[in-house]
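Working notes for the structure below.
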Amino acid sequence: MSYGWIGEKVRLVPLDREKHLENAILWLNDPEVTRWLLVDIPITRLQEERYFEENMVAREDRVQFAVETLGGEHIGFTGLFEINQRHRSCRSGIVIGPPSNWRKGYGLDAIRVRSRFAFEALGLRLLLTEAMAENEASVRALRKAGYRELGVLPKRYWRRGAFRDAVQFFLESPLG
């Protein structure tokens with residue numbers, strides 16, 4: 001039986017409080033995991049519970065997924081945000097939680113599956129995302145997934161004692 005949107009290494013599944021909440025709290029409070037995320041402040045259980053409650057329900061402006069290996073291990077989150085049906089565009093993001101799962105191709109596969117979902121299920125035509133320039137793994141994965149670079153915003157984010165450049169990317173639907 002299939003469950004979720006399936007790739008070569010991962011599947012994207014709906015958020016489930018019982019299966020995914022504890023990992024979210026753990027990972028979003030791990031300085032190594034949040035090093036390149038846009039959110040780098042401590043997350044309380046109450047904040048994350050509220051976030052889950054808001055995002056476990058279908059919404060027109062966003063879709064959130066948990067990322068699981070094909071064996072069912074929860075390893076991250078990805079989503080589509082600021083969905084604009086008029087323009088058929090949105091922003092996207094991803095986090096692979098446990099560092100032991102980094103550099104294994106899970107993020108790249110999740111990006112590809114997320115893009116396929118956006119184009120095939122939602123009928124979107126344009127995905128936008130960004131990564132901090134120093135986050136070489138994310139920049140490399142986005143490029144491998146077909147995203148093209150729009151440009152660099154110098155000193156876009158204040159992160160851990162310095163302003164950091166952000167690379168902006170886009171991906172157009174092959175469906176037109």
Every pair of residues 6+ apart whose Cβ atoms lie under 7 Å, when the first sits in segment 69-84 and is farther than 16 Å from Leu108 by Cα while the second is in a strand (DSSP E or B) and open to solvent by 60 Å² or more (accessible area, probe 1.4 Å): Phe81/Arg91; Glu82/Arg91
Reported set for segment 127-153 where residues are more than 10 Å from Phe169 (Cβ to Cβ) and either under 17 Å from the mean Cα position of the chain (by Cα) or open to solvent by less than 70 Å² (accessible area, probe 1.4 Å) (or both) is Met132, Ala133, Asn135, Glu136, Ala137, Arg140, Ala141, Lys144, Leu153
Test set (1) among the acidic types (Asp, Glu); (2) surrounded by 15 or more Cβ atoms within 10 Å (Cβ to Cβ); (3) farther than 24 Å from Asn23 by Cα - Asp109 fails condition number: (3)
Members of segment 97-106 that are polar (S, T, N, Q) and loosely packed, with under 14 Cβ neighbours inside 10 Å: Ser100
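Out of the residues in segment 14-43 that are acidic (Asp, Glu) and under 22 Å from Trp102 (Cβ atoms), state the one that is surrounded by the fewest Cβ atoms within 10 Å (Cβ to Cβ).
Glu32
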Scan segment 115-126 and tell me whether some residue there is touching a helix residue (DSSP H, G or I) at 6+ places or on another chain (Cβ under 6 Å), surrounded by 21 or more Cβ atoms within 10 Å (Cβ to Cβ) and under 17 Å from Lys144 (Cβ atoms). no
Enumeration of residues in segment 44-63 that are over 24 Å from Gly176 (Cα atoms), surrounded by 13 or more Cβ atoms within 10 Å (Cβ to Cβ) and of a type outside the set (Phe, Trp, Tyr): Gln47, Glu48, Glu49, Asn55, Met56
Open to solvent by 30 Å² or more (accessible area, probe 1.4 Å) and in contact (Cβ under 8 Å) with a residue 40 or more places away in the chain: does that describe Arg156? no
Hey, can you tell me all the residues within segment 1-13 that are at pLDDT 95 or above and surrounded by 14 or more Cβ atoms within 10 Å (Cβ to Cβ)? Trp5, Ile6, Gly7, Lys9, Val10, Arg11, Leu12, Val13
Note down all Cβ pairs under 6 Å where the first residue falls in segment 87-104 and is touching a residue at least 12 places away in the same chain (Cβ under 8 Å), the second is open to solvent by 20 Å² or more (accessible area, probe 1.4 Å) and among the polar types (S, T, N, Q), and they're at least six residues apart or on different chains. Gly97/Asn23
So how many residues does segment 87-96 have that are surrounded by fewer than 21 Cβ atoms within 10 Å (Cβ to Cβ), within 14 Å of the chain's Cα centre (by Cα) and not basic (Lys, Arg)? 1
For Glu49, all conditions in the list (1) more than 20 Å from Glu22 (Cα to Cα); (2) of a type in the set (Asp, Glu); (3) touching a residue at least 24 places away in the same chain (Cβ under 8 Å) hold save one; what is the number of the exception? (1)
Enumerate the pairs (first residue in segment 9-32 and within 23 Å of Arg114 (Cα to Cα); second residue anywhere and assigned to a loop (DSSP other than H, G, I, E, B) and open to solvent by less than 40 Å² (accessible area, probe 1.4 Å)) with beta-carbon separation below 6 Å, excluding pairs fewer than 6 apart on the same chain, so at least 6 apart or on different chains. Lys9/Gly105; Arg11/Gly4; Leu12/Gly4; Val13/Gly4; Asn23/Gly97; Trp27/Val33; Trp27/Gly97; Leu28/Ile43
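The values are calculated or read from the model by the stated rules, or taken from the named source; none is laboratory data. Since we're looking at a predicted model, the values are computed, not measured. Heads up, the Cβs are rebuilt from the backbone with ideal geometry, glycines too, and the neighbour counts pull from every protein chain shown. SASA here: full protein model, heavy atoms, side chains in, ligands and nucleic acids out. Shrake-Rupley method; radii C 1.70, N 1.55, O 1.52, S 1.80 Å.
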